[in-house]
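Report on the following structure.
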Amino acid sequence: FCILISLFLPYFIYVILKKPQELELINSMQAKRIIQSEAKFQVIFNKTSIAIAQINIDNQEFVEVNPQFCHLLSTDAKQIRGKSLLDFMCTEDIQNFSDFIHSSRVIIKEKKHINIRLKNSKNELIWTRIVPSPLIDDNQNSKSIILAIENISERKIAQEKLMQSELQFKSLFVEFYF
């Protein structure tokens, strides 16, 4: 029996000592994948043409913003840090946005969006289309939301001009025939 133990003991020691090396190799490979994934995310986040902001779901404070968001508001990330999206929002839109965000779980499943006005650093109003995507944790809870924000000011201005010209045309038509 002792001879049998002495024959297999070195093998068991080898297997036991090899496991940490294998685990270390697996951890190293996973770390590399995470770093590559993070690098891809940062490229997309920073180089996309769409403004992106990550906000806290409870108080709408910024967690992170991309350069296009800063450009949209004519400011830099330092001036945004510690502020809420509501600080840049037109007063009339705050309640609608808050209701929209708090009901976002249903809305996001339906792929909804909201149009609101933001104020840039020059105090100019910018019409935006905001599409939220929650960041869900393992417990299916969301503590923050990624917002894709599109500047639709030109579209809104064109719509307003079109409506004004339609009203003018209708008034001319009414005056001419009556």
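The values are calculated or read from the model by the stated rules, or taken from the named source; none is laboratory data. Values in this document were obtained by computation on a predicted structure and should not be read as measured data. A quick note on method: Cβ atoms are made from the backbone with ideal geometry, for glycine too, and the neighbour counts reach across all protein chains shown. Side chains included, ligands, DNA and RNA excluded: accessible areas come from the protein's heavy atoms. Shrake-Rupley method; radii C 1.70, N 1.55, O 1.52, S 1.80 Å.
Per-structure values
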{"quantity": "DSSP H segments from the chain that extend 24 Å or more along their own axis, Cα-based, with Kyte-Doolittle mean of 1.0 or above", "calculated": "none"}
{"quantity": "Contact order relative to length of the range 20-178, as percent, for alpha carbon pairs under 8 angstrom and 6 or more apart", "calculated": "19"}
{"quantity": "At most 15 other Cβ within 10 Å, DSSP loop - trypsin sites (Lys or Arg not before Pro), the range 60-93", "calculated": "81, 83"}
{"quantity": "Per-pair calculated FRET efficiency, R0 = 41 Å: residue 159 and residue 38 via Cβ, rounded to 0.05", "calculated": "0.50"}
{"quantity": "The chain, dipole about Cα centre (Lys/Arg Cβ +1, Asp/Glu Cβ -1), debye to the nearest 20", "calculated": "460"}
{"quantity": "Over the chain: Kirkwood hydrodynamic radius from C-alpha pairwise inverse distances, Å", "calculated": "20.7"}
{"quantity": "Choice from 99, 76, 138 with maximal GNM fluctuation in the chain (Cα, 10 Å cutoff)", "calculated": "138"}
{"quantity": "Accessible area in square angstrom per residue, the chain, 1.4 angstrom probe", "calculated": "74"}
{"quantity": "Residue with peak Gaussian network fluctuation, the chain [Cα springs, cutoff 10 Å], from 151, 115, 96", "calculated": "96"}
{"quantity": "Computed lengthening from residue 172 to residue 29, 0.36 nm per intervening residue step minus Cα-Cα distance", "calculated": "44.2 nm"}
{"quantity": "Max mean-square fluctuation residue, GNM over the chain, Cα-Cα springs under 10 Å, options 32, 122, 156", "calculated": "32"}
{"quantity": "Under 5 Å, built H, 5+ apart or other chain: amide partners of residue 57", "calculated": "144, 145"}
{"quantity": "Residue-averaged 222 nm ellipticity for the chain, from DSSP H runs of 4+ at -39500 (n - 2.57), nearest 500", "calculated": "-18000 deg cm²/dmol"}
